[in-house]
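Below: the structure, in C-alpha cells.
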Amino acid sequence: MTGLFGGAFDPPHNGHVALARAAVERFALERLVVFPTGVAPHKDVRTPGEVRLRLARAAFADVPGAEVSDWELRRGVPSYTLETTRWAGERWGELIFLVGADQFAAFETWYRPEEVLELARLGVATRPGYDRTRLEELRGRLRDPSRVEFFEIEPVAVSSTELRERVARGGSLDGLVPPDVARLIADLGLYRAESSAEAAGTLGETGRG
Ligand code: ATP
C-alpha cells in the first residue's frame, strides 16, 4: 500500500516527520509520497513552492520509503484531494491518505469526501488537543466508516505557524525540525521578520479539499 501525505510544509517539522514514520510502520507502507500543496486562496502561504519542496526533501530524507512529489506544485492550480488520489491510484494502486486529526475534523467540508474515501482509505493521526470522541462521531456518519483508521503518534506539539513566528522573533528551531531543515531555513534566511516583505505575494496555498 502507498501512503499519501499532503501539506503546506511551510516549514515541515518534527510533528510531520513523526506522523510519516508512524504511518509507514503502522500501515506497513511500501512507499510514502509526500506532497507539498499548491496555491489556494484561503490559506496564506508565502514561501514559494520550490522552497517548500526543498524543505520537504530535507525533512523526509530519513523516513523509510518516503519520496517527495512536486505533482501538486507543478499543476499551478490548487488540487482537490480527489484529483490527487485519482492520479496516485492510477499509478500506485491501493492508497491510504494520511492526515492529522485537525484535518480530519474538517473532512465533511472537503470536495466530495465520500468519493475520496472510495479511492483511498484515510489514516488519521491523533494530534495533541483533539478530542477523539468528536472524531469517532464524524467517522460514524460516513458511508463506510471502516475506510477510516485512527493511529496514535507520539505527540509533538508544534505547528508550522508557531515555527515561523519563532524564527521571526529570532528563536531557535533546535529539536523542533530535523537538523537539515533548520540549516536550510537559516541558509535561505526564511521567516525572518525582515524577509517577510520580500517573500510576500509569491504564492498562496491550501488546506485539503
Ligand atoms: P500551519 O501551522 O501553517 O497550519 P501545520 O503545522 O498544521 O501548519 P500543515 O503543513 O498544514 O502543517 O499540515 C500538514 C499535515 O500535517 C496535516 O494533515 C496536519 O494535520 C498534520 N500535522 C501538522 N502538525 C502536526 C503535528 N504536530 N503532529 C501531527 N500531525 C501534524
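The values are calculated or read from the model by the stated rules, or taken from the named source; none is laboratory data. Keep in mind that what you see is a predicted model, and the values were worked out from it rather than measured. Every residue, glycine among them, receives a Cβ derived from its backbone with ideal geometry; neighbour counts consider all protein chains shown. Just the protein is used for accessible areas: all its heavy atoms, side chains included, with ligands, DNA and RNA removed. Shrake-Rupley method; radii C 1.70, N 1.55, O 1.52, S 1.80 Å.
Please go through the range 84-106 and pick out each residue that is over 14 Å from the mean Cα position of the chain (by Cα) and within 11 Å of the ligand (Cβ to nearest atom).
If the condition is that a residue be over 14 Å from the mean Cα position of the chain (by Cα) and within 11 Å of the ligand (Cβ to nearest atom), then Ala105, Ala106 are the ones that fit.
Scan the range 57-83 for residues that are in a helix (DSSP H, G or I) and over 15 Å from the mean Cα position of the chain (by Cα) and jot them down.
If the condition is that a residue be in a helix (DSSP H, G or I) and over 15 Å from the mean Cα position of the chain (by Cα), then Arg74, Arg75, Leu82, Glu83 are the ones that fit.
Identify, from the list Thr81, Thr47, the residue that is more than 25 Å from Leu135 (Cβ to Cβ), at pLDDT below 95, within 15 Å of the ligand (Cβ to nearest atom) and open to solvent by less than 30 Å² (accessible area, probe 1.4 Å).
Checking each option against the conditions leaves just Thr47.
Only one of Leu163, Leu122, Leu135 is at pLDDT below 95 and within 14 Å of the ligand (Cβ to nearest atom). Can you tell me which?
Matching residue, one of Leu163, Leu122, Leu135: Leu135.
Taking the conditions exactly as written (more than 13 Å from the ligand (Cβ to nearest atom), of a type outside the set (Asp, Glu), over 19 Å from Phe97 (Cβ atoms) and touching a helix residue (DSSP H, G or I) at 6+ places or on another chain (Cβ under 7 Å)), does Ala58 satisfy them or not?
yes
Across the range 1-14, what is the number of residues that are open to solvent by less than 10 Å² (accessible area, probe 1.4 Å) and modelled with pLDDT under 95?
Of the residues in the range 1-14, 0 are open to solvent by less than 10 Å² (accessible area, probe 1.4 Å) and modelled with pLDDT under 95.
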